[in-house]
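One structure below.
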Amino acid sequence: MPRIRIGVIGLGGIAGAVHLPGIEKCPDFELAAICDIDREKLDRVGERYRIDPAMRFTAYRDLIARGGVDAVDICTPNDCHVEIAMEAANAGKHYSVEKPLAMNAGEARALAARTQEKGVKSMVCFSYRFKSAARYARYLVQSGVLGELYHVYTQYFQSWGNPDLNVPLVWRFVKAKTGSGALGDLGSHALDLVRFVSGRDYTRIVGDADTLLKERPLPDDGGTGVSDVDDYCHYLARMEGGLSAAFEITRFGFGRGNYQRLEIYGRKGGLVYKLDEHPGMDELEICTGQPWGQLNTFVKVPVPTSYAANQTQCFADIIRGKADGLAATVEDGLANQNAVDAVIDSFEHQRWVSL
Ligand SMILES: NC(=O)c1ccc[n+]([C@@H]2O[C@H](COP(=O)([O-])OP(=O)(O)OC[C@H]3O[C@@H](n4cnc5c(N)ncnc54)[C@H](O)[C@@H]3O)[C@@H](O)[C@H]2O)c1
């Protein structure tokens, strides 16, 4: 079967750490074209991956229009995800796009409609869906091991917002480029993970959020600029069936690299999913049997190797029509964006918001 020719758009942190090496290792893909507005970065990546100079682009429209690619992989900042994915869909190209899908639900809805109309395949990179512990947790929860579900408690902490780290005013702190701060960056993952594991949609949300550090150094000229997005957000959600979920999300979690914890309690059991930053391993613990707590009643569950998954391979499988249905599509991205928008509406207007 011929390999799928893919073009990667946006060659920054996540492309370099995950997407480009993933494509290089995946037998179903051929890295056929690359694009970045930064010429120097474009050529550096082009040399590293031996991309024909004619297939290196500084404008994504040229990459899509040039031909020679069957699919695109969008790794730019959030403000251009939808415009690039729209262009790809209009040209009949499948696309994978980083999270959060869009700047708002209106954009996401328009993209979902266009994707369906054009019949192209989509994937939104909610990458924690590919952690085997998350997949196994989903299986255990949805096959009823915990019984009737009561509560979900989710934490997602990073520390890089801390003023002493002096992180400059990159796009992640500018609402016009990112949509929201810790919410879109980390909270969108948490919202997706809870929806993925529980299999339920959100029905209403109330949240609190704030900007702790309102000025940050500008990347270039030594002055400062205004950060206008949330540094943390805490929210409560009701889900289908009355399930109650609580979320704690921050970029100011001192000492935390990429700390995630999801606890689910039901009538017949409790389950804990953990992603520990050192060394980035995902794990599950479970407690079943008697409901009253005693020390050490949660035991580590070995996750079957059959639950291992790979994000890049899943995109290839989606395009080839043989996917397992567990990766997020544009429809999941839209559901996620609806929830993100509801959190923003809630903290801006200090009220519960129905979905
Ligand atoms: N799934 C995850 O866990 C995860 C982790 C990190 C980042 N992300 C997402 O990935 C995306 C990129 O994040 P990053 O950390 O790589 O950012 P980054 O700033 O390191 O890289 C973005 C790159 O896009 C380029 N770019 C900007 N506008 C462009 C355009 N119009 N056309 C082509 N190139 C353009 C920039 O020059 C830069 O090289 C964001 O949406 C972010 O939320 C997801």
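Among the residues of the range 133-151, those identified as farther than 25 Å from ALA85 by Cβ and either of a type in the set (A, V, I, L, M, F, W, C) or not assigned by TED's automatic domain parsing to the domain that holds MET239 (or both) are ALA133, ALA137, LEU140, VAL141, VAL145, LEU146, LEU149. Of the strands (runs of 3 or more DSSP E) contained entirely in the range 220-264, those carrying at least 2 residues that are among the hydroxyl-bearing types (Ser, Thr, Tyr) fall at 232-239, 244-250. ILE37 meets all of the listed conditions (1) within 13 Å of the ligand (Cβ to nearest atom); (2) crowded, with 20+ Cβ neighbours inside 10 Å but one, namely (2).
Filtered by the rule that a residue be more than 9 Å from the ligand (Cβ to nearest atom) and either surrounded by 22 or more Cβ atoms within 10 Å (Cβ to Cβ) or assigned to a helix (DSSP H, G or I) (or both), the range 79-92 gives VAL82, ALA85, MET86, GLU87, ALA88, ALA89, ASN90.
If we keep just the residues of the range 93-116 that are more than 18 Å from the chain's Cα centre (by Cα) and either touching a residue at least 12 places away in the same chain (Cβ under 8 Å) or buried (at least 22 other Cβ atoms within 10 Å of the Cβ) (or both), which is nearest to the ligand (Cβ to nearest atom)?
By that ranking, first place goes to LYS93.
For the range 1-15, taking the residues that are crowded, with 16+ Cβ neighbours inside 10 Å and farther than 9 Å from CYS75 by Cβ, the one that is nearest to the ligand (Cβ to nearest atom) is identified as GLY7.
Contact map, the range 261-282: first residue among the aromatic types (Phe, Trp, Tyr), second residue assigned to a strand (DSSP E or B) and modelled with pLDDT of 95 or more, Cβ cut-off under 6 Å, separation 6 or more or different chains; pairs are TYR265/TYR150; TYR265/HIS151; TYR273/LEU262; TYR273/LEU284. Being in contact with a Gly (Cβ under 7 Å, 6 or more places away or on another chain) and over 22 Å from GLY242 (Cβ atoms) is a property that THR312 has.
When SER122 is tested against (1) touching a residue at least 12 places away in the same chain (Cβ under 8 Å); (2) surrounded by fewer than 15 Cβ atoms within 10 Å (Cβ to Cβ); (3) not β-branched (Val, Ile, Thr), exactly one condition is not met: (2). Exactly one residue out of SER188, SER159 is in a loop (DSSP other than H, G, I, E, B) and either in contact with a His (Cβ under 6 Å, 6 or more places away or on another chain) or within 16 Å of the ligand (Cβ to nearest atom) (or both), and it is SER159. Here THR76, THR58 are screened, and the one residue that is within 11 Å of the ligand (Cβ to nearest atom), hydroxyl-bearing (Ser, Thr, Tyr), more than 30 Å from ASP341 (Cβ to Cβ) and touching a helix residue (DSSP H, G or I) at 6+ places or on another chain (Cβ under 7 Å) is THR58.
Considering (1) surrounded by fewer than 17 Cβ atoms within 10 Å (Cβ to Cβ); (2) within 19 Å of the chain's Cα centre (by Cα); (3) at pLDDT below 95, the lone condition that ALA246 does not fulfil carries the number (3).
The values are calculated or read from the model by the stated rules, or taken from the named source; none is laboratory data. Because the structure is predicted, anything quoted here is derived from the model rather than measured. Neighbour counts are summed over all protein chains in view; Cβ atoms, including those assigned to glycine, are modelled from backbone coordinates with ideal geometry.
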